[in-house]
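Report on one structure; see the data block that follows.
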Amino acid sequence: MTASLGCSAEQLATRRLILKGVAAVTLIGLGHAAFGAAPAFAANDPYPEDAFKLKGAAEAIKALYGREHEPSDKIKLDAPEIAENGGVVPIAVTTTLPDVTSISFVVSENPNALAASYKIPEGTVPAVANRLKMAKTSNVIALVESGGKLYSATKEVKVTVGGCGG
């Protein structure tokens, strides 16, 4: 058997020992991930189901946050000016605001305005990217909750069929 692999018995034994060690470390790591790691979200945080069902942007924002938002130049909303395929519109948000606790996307002309909402754990870089489905040309609002206040950035995204304007 050793001749066909081109390895000596010692080399095969060393390889087996290394593979066993890697397997053991992997299993220990998986066990730690399953039992020892703290969850990113608290189990008691309610899922905002009602906010995701609302048709209007203002109603969805009120249901999710319970307060008004103010525009901020510290939020960078990256979205295309023209989306050739409304089924897959890339959106990204970054911010320099301190103590960010959540980031959400609202598409005002969608059948359900709230498109996505993320809880941002403490110490996490406040940046989120997603691909949204847009029914038609609409304002996309990025909402950032920071320091107990709600800030926003808005951009109009034109949804076209085949990129022919609209």
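Taking θ = phi - 60°, what integer Hz values does the Karplus form 6.51 cos²θ - 1.76 cosθ + 1.60 yield along region 103-111, in sequence order, with x for Gly and Pro?
For region 103-111, the Karplus curve yields 9, 9, 10, 10, 10, 4, 9, 6, x Hz.
Which entries in the list LYS62/LYS119; LYS74/LYS158; LYS74/LYS155 go over 21 Å, if you measure between the two C-alpha atoms of each? Could you put the intermediate results ahead of the total?
Details: LYS62/LYS119 17 Å; LYS74/LYS158 24 Å; LYS74/LYS155 14 Å.
Pairs exceeding the cut-off: LYS74/LYS158.
Need one number for region 65-166: average projected area of the convex hull over its C-alpha atoms, nm². Provide the component values of the computation, followed by the final result.
Working: hull surface 24.4 nm².
The number I arrive at for region 65-166 is 6.1 nm².
Can you tell me what percent of all Cα-Cα pairs in region 78-128 are more than 13 Å apart? Don't skip to the answer; put the middle values down first.
Details: 811 of 1275 pairs.
Counting pairs separated by more than 13 Å, the tail of P(r) holds 64 percent.
SER152's amide H: which non-local residues (gap 5+, or another chain) put their own amide H closer than 5 Å, with H modeled 1.01 Å from N in plane and none for Pro or chain starts?
Close amide H contacts, sequence-distant or interchain: GLU70, SER72, VAL144.
Rule-based calculations on the coordinates, nothing more; no lab input. As the structure is a prediction and not an experimental result, all values here were calculated from the model.
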